[in-house]
Amino acid sequence: MSQKAYLRATGLIFLLIAVLHLLRLVFGWETSFEGRAVPQWLSVVALIVAGYLAYEGLKLSRR
């Protein structure tokens, strides 16, 4: 696998993760992990991090 393909694949995976966190925030989906509720603010943090990683991965794959 070439470096461009790897960066594009990881960028798209992080984009999917960011979109899912955005959908969770918009629709108010509840999530639990090991029986504990996961707070909504955690999705805000994950959206920012995953969005940044997606942006950087896709930007680097275009070089």
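Conditions (1) modelled with pLDDT of 95 or more; (2) among the small types (G, A, S); (3) on the phi > 0 side of the Ramachandran plot, marked per residue:
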residue	(1), (2), (3)
V19	yes, no, no
L22	yes, no, no
F33	no, no, no
P39	yes, no, no
G57	yes, yes, no
Item to complete: Collect the residues in the range 17-58 that are outside any helix (DSSP H, G or I) and surrounded by 11 or more Cβ atoms within 10 Å (Cβ to Cβ), keeping them in residue-number order.
Response: W29, T31, V38
Discussion item. Going by what's in this entry, would A50 be described as in contact with a His (Cβ under 7 Å, 6 or more places away or on another chain) and closer than 24 Å to Q3 by Cα?
Written reply: yes
Discussion item. Here is a check on your reading of the model: is T10 surrounded by 10 or more Cβ atoms within 10 Å (Cβ to Cβ), farther than 17 Å from R62 by Cβ and among the hydroxyl-bearing types (S, T, Y)?
Written reply: no
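The values are calculated or read from the model by the stated rules, or taken from the named source; none is laboratory data. All of these numbers come straight from a predicted model, not from anything done at the bench. Every residue, glycine among them, receives a Cβ derived from its backbone with ideal geometry; neighbour counts consider all protein chains shown.
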